[in-house]
Amino acid sequence: MTAWRFPKARSPLRPGAAIARWLLADWHDKALRLFLGIFLYQYVVWFDFYWLDETVAVVGSALVATLLVAWLVPKTAWLRAALTLAACVYATARVVRPEPVSDIPDHWLGWALGAAEYAYRLTPFLWFAVGAYGIFSLVHWYIKSKWRLFSVMSTSVVLFCIVDSFSLFRLWEQVAIMIGCGLLMLVVFHLKQLKARDPEGYDNVMSYPVPITVMIVTIVTASLLLGVLAPSIRPIVMDPYTAWKTAQGEVVPAFSSGPGFAALSVGSSASGYSRNDSTLGGAFNFDFTPVFTVDASRRSYWRGETRSLYTGSGWEPSTVTERNSLVPVAMAPDFPETSAASGLETIEVTQTFRIIEGKSFPVLFGAPNPTRVEAGELNGEPVSLGRGFWDTDNQTMLWAERDDFPYPSTYSVTSAMPVIDEEKLKTAPQVAEPRAFREYLRLPEELPERVAALAAEVTASAASPYEKAKALEAYLSLTFPYTNEPDLTKRRSADFVDSFLFEVQEGYCDYFSTAMVVMARTLGLPARWVKGYAPGQSSNDIIFEQFLPGEEVDLDGAGTFTVRNSDAHSWAEVYFEGFGWIPFEPTSGFSLPIVQVENETVVTLPDDLPAAEAAAPVVEAETGGGASWWIAAVAAAVAAGALAYFAIRFHWLTLLRTRTFRKSPNYNVKLLADVERLLARFRRKGLSWSEHETFREMTARWKTQHTWLQKDLESLLTAFEKAKYSGARLTEEEYQHAELRIRKLRESL
């Protein structure tokens, strides 16, 4: 007789096992809420610019409280709502720290009034906290299907991308985080649906948690890395907006810059005319605020100041300017000396500047080689130029600021703009007395030797000083991309030019112009750095569309130019014996508005220049379309090869044949065709098989490697062998049952 025993008591769970079971209970909803909270917090990061620090802290605390309460109380909705609201009040009170409510009557009405008073003292921060909870709950309720979840994710990403592209905000990191959270939410949602629709298949999938997790993390991480790296990839094709604006002859804001930006640790500066050029580099945001208008007889760069002392990190005021005697404009309205470009013809350019109220500068602007400056009138009264001075060495007009002499609101300048004759300039020899130009040949002792080596390599085939300068101009403008946010994480060198040429390899006008001046000096060419403004928006640009077809509009001719902070610019000038200072434009995307004789210099650059992945010859020889045939041939060969590869790789011929068989009334033939299609899909999904294997051998191997396919494969194997080997016909019911198994196998993959 068997002795009766009490049933063995179930041993209690250890604390670690209990916590693990609690975390895994309804983990889909917990993970979904977690990723949704991180997703929504990116909006808080955006609004941080507008909100107070207390508001950001309150909203962040409310989101965390919402998550914790949802995890702790997953079932009872009313209790979860009450606890979350209480947590919002507590979090707001911790941040705001209001004065306590005193003298509360000891009855229910007094308590209610005291609570209302306390809530009032938490406003408006409490409403932000409650609003965050409400938005979180609303979005969580809305994303009940994949398409809803995808719509929320895609709408948010598009919104952030628009804000990032067309405002001063930089939200690219937030876009990457939102995409990552959205992808993870889609994965969790898919697993949740799989559990509801196919519990058995879900259990098989979850029996391999480590491979599944590694695969998901790898795919999401790779996607995010591609997205984060995307902004640093140079565009291959000009965007339609820029192409259209360029075709209209308008200034595209993306091709403007402001000189003299210091590198900032937080945020970016705004474009505009800089007064301090001692530290160049960093990023800036475009500021399109108008600064002045110019009624000019010709488009030009509006020249401001020059710099000659390069320190390795920026430019300092020239010692020449410090020791020469400045001539007051009020005493001598005409330039005291003749134009230095005596070897070239000149044309007269008249300009009238009207400064926007409240703007002031350390210079009076003008087209190159000013010869006369006159004060304008404001409300019938003459404007004083009593603090204006001619800087004869640098051919600029300086303004010494003083409270009793405000910056002139209007003034007129006459300039003798040189007509660039390149055939004449090619005859210019090397400067005869370098000592006379030592200020414009000086270089820091710490300048790396590879800068001079690169300059010599770029100009190796140039026969004259002018051709060397043109080669430097072409190399810089065609090699390095323009950006107002260069990637300074690549910088290692202490020298600004060296780091631009060999490390950062992108930038705005300060990078290009400074590099050209320094490289020219290494070749013995006197050069100086110039800053001022690009021409701006011309009235001709605006009315261009109003002209009838066939009418010619001189976009470089007379007009009213509106100049903005975003048009602040810098360029280079090189001195040539007998011709004076000649301007050069090395910045990518810019074109120097000059008067030129019709003889264009063809610049040939060496083919093996370093860091020249974007380089191209300045003037291409006319090929008459002769090179287009081999491009078309190569493209056709690549297309044919790709077609053949995909036809072999994905068994297109097999699938075409099986599509015909599937229309057969014979269920055996139709099933064999469906299995053939399934095998092709297996191969695309990584389930390999060889031609000599039988279907039974394949299924035996696959069942061992992927246990969740076992039942469906066994059922399909029975129907397949009957259709292929038995000689008996499958019934419609057997075929439909096998089709159901095939459909489940396709979904399982």
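The values are calculated or read from the model by the stated rules, or taken from the named source; none is laboratory data. Remember, it's a predicted structure, so these values are computed and weren't measured experimentally. Cβ atoms come from the backbone with ideal geometry, glycine included; neighbour counts cover every protein chain shown. For the accessible areas, the whole protein counts, side chains as well, though only heavy atoms, and no ligand, DNA or RNA atoms are used. Shrake-Rupley method; radii C 1.70, N 1.55, O 1.52, S 1.80 Å.
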Seminar exercise, completed: A careful count of residues in region 668-686 that are of a type outside the set (Lys, Arg), open to solvent by 20 Å² or more (accessible area, probe 1.4 Å) and closer than 18 Å to residue 729 by Cα gives 2
Exercise. Which is open to solvent by 30 Å² or more (accessible area, probe 1.4 Å), out of contact with any His (no Cβ under 7 Å at 6 or more places or on another chain) and more than 30 Å from residue 420 (Cα to Cα), of 389, 405?
Worked result: 405
Problem set entry | Residues satisfying the stated conditions in region 182-212, i.e. among the small types (Gly, Ala, Ser) and part of a helix (DSSP H, G or I) | 182, 196, 201
For this session: Being in a loop (DSSP other than H, G, I, E, B), at pLDDT below 90 and under 16 Å from residue 573 (Cα atoms) is the filter here, so list the residues in region 431-482 that pass it.
Result: 431
Problem set entry | Looking only at region 336-360, and only at residues there that are open to solvent by 30 Å² or more (accessible area, probe 1.4 Å) and of a type in the set (A, V, I, L, M, F, W, C), the one that is modelled with the lowest pLDDT | 340
Exercise. Could we say that residue 711 is over 45 Å from the mean Cα position of the chain (by Cα), in a helix (DSSP H, G or I) and under 23 Å from residue 205 (Cβ atoms) here?
Worked result: yes
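For every residue, the table says whether it meets (1) of a type outside the set (Asp, Glu); (2) in a loop (DSSP other than H, G, I, E, B); (3) touching a residue at least 24 places away in the same chain (Cβ under 8 Å).
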position	(1), (2), (3)
385	yes, yes, yes
389	yes, no, yes
393	no, yes, yes
407	yes, yes, yes
412	yes, no, yes
423	no, no, yes
428	yes, yes, yes
Problem set entry | Selection status of residue 20, at pLDDT below 75, small (Gly, Ala, Ser) and open to solvent by less than 50 Å² (accessible area, probe 1.4 Å) | yes
Exercise. If only one of 71, 46, 78 is part of a helix (DSSP H, G or I), out of contact with any Ser or Thr (no Cβ under 8 Å at 6 or more places or on another chain) and open to solvent by less than 50 Å² (accessible area, probe 1.4 Å), which one is it?
Worked result: 46
Exercise. Among all residue pairs at least 6 apart or on different chains, which show Cβ distances below 9 Å where the first residue, located in region 85-111, is within 17 Å of residue 59 (Cβ to Cβ) and open to solvent by 40 Å² or more (accessible area, probe 1.4 Å) and the second is of a type in the set (Ser, Thr, Tyr) and modelled with pLDDT under 80?
Worked result: 89/118
Problem set entry | Test: residue in region 538-550 that is modelled with pLDDT under 85, crowded, with 19+ Cβ neighbours inside 10 Å and not in a helix (DSSP H, G or I) | yes
For this session: Could you list, in sequence order, all residues of region 437-489 that are within 26 Å of residue 424 (Cβ to Cβ), touching a Lys or Arg at 6+ places or on another chain (Cβ under 9 Å) and open to solvent by 30 Å² or more (accessible area, probe 1.4 Å)?
Result: 441, 463, 467
Exercise. Exactly one of (1) part of a helix (DSSP H, G or I); (2) at pLDDT 70 or above is unmet by residue 693. Its number?
Worked result: (1)
For this session: Search region 144-190 for residues being at pLDDT below 80 and aromatic (Phe, Trp, Tyr), and hand back the single one that is farthest from residue 41 (Cα to Cα).
Result: 166
Exercise. If you scan region 142-165, which residues turn out to be among the aromatic types (Phe, Trp, Tyr) and open to solvent by less than 30 Å² (accessible area, probe 1.4 Å)?
Worked result: 160
For this session: Please specify each residue of region 490-519 satisfying the condition of being hydroxyl-bearing (Ser, Thr, Tyr) and buried (at least 23 other Cβ atoms within 10 Å of the Cβ).
Result: 508, 511, 513, 514
Exercise. Using beta carbons and a limit of 9 Å, which pairs, at least six apart or on different chains, have the first residue in region 166-194 and farther than 22 Å from residue 218 by Cβ and open to solvent by 40 Å² or more (accessible area, probe 1.4 Å) and the second one modelled with pLDDT of 85 or more and basic (Lys, Arg)?
Worked result: none
For this session: Pull up region 520-533, narrow it to residues that are open to solvent by 10 Å² or more (accessible area, probe 1.4 Å) and not in a helix (DSSP H, G or I), then point me to the one that is nearest to residue 434 (Cα to Cα).
Result: 524
